[in-house]
Amino acid sequence: MLLPEYVLDGWTTTLPERFEAKDIIALYADHATHEQFHAEFKSDMDLERLPSGKFDTNYLVCRLAAVAMNLLRLIGQNTLNEPDAPVRHPAQRRRIKTVLHEMMFKAARMIRHAGRWVLGLGANDSGFAVFDRHYGQLATA
């Protein structure tokens, strides 16, 4: 209580000197968001442990997982934020795990009818309207 308390915050960076302090702070503002996406990539895509001891194989697995994750994110943006979507609560984006559970892990059967294969989803499936609308958008594109 006798000595004054000083708090000093400081950062060091290897960025060139042409950047001002406010520019550097703006660059690092979304660092936590980046960490969240990285954690989601590892956990939801089941990549906590890479499958091989070879760098080339792991590189290929990560590249394929990135393509799959981007496709799942597109599906999530185009299906789970619509008014007829089976939502638990309103959100700006859905986690990859939610997209997998709501749109990919469906109980369905393949039906051969009139010389064509048809995907038969359950009549009481809450996500059927969303699935059908999204498939129609992809078919016309």
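The values are calculated or read from the model by the stated rules, or taken from the named source; none is laboratory data. Keep in mind it's a predicted model, so treat the numbers as computed, not measured. Note: ideal-geometry Cβ built from the backbone for every residue, glycine included; neighbour counts use all protein chains shown. When the accessible area is computed, the model is the full protein with side chains, heavy atoms only, and any ligands, DNA or RNA have been set aside. Shrake-Rupley method; radii C 1.70, N 1.55, O 1.52, S 1.80 Å.
For this structure, a couple of remarks:
- Taken per residue, the accessible surface of the chain reaches 84 Å², heavy atoms only and a 1.4 Å probe.
- For segment 8-24 versus segment 96-141, the gap between their alpha-carbon centres in whole angstrom: 51
- The peptide list 59-68, 2-11, 109-118, put in order of mean Cβ contacts within 10 Å with the highest first, becomes 59-68, 109-118, 2-11.
- Cα-based reach from Lys106 at 27 Å (exclusive), listing lysines while leaving out same-chain residues under 8 positions away: Lys42, Lys97
- Solvent-accessible area assigned to carbon and sulfur over the chain amounts to 58 percent, based on a 1.4 Å probe.
- Rounded tilt (10° steps) of 31-44 against the dominant C-alpha axis of the chain: 40
- Using alpha-carbon coordinates, inclination of helix 128-140 to the longest axis of the chain, degrees: 90
- Put Lys54, Lys42, Lys106 in order of accessible area, highest first, and with a 1.4 Å probe you get Lys54, Lys42, Lys106.
- Cα gyration tensor shape of segment 23-123, rounded if a/c is under 1.5, else prolate or oblate by comparing a/b with b/c: oblate
- Rounded to 10°, Cα long-axis angle of helix 55-79 versus longest principal axis of the chain: 70
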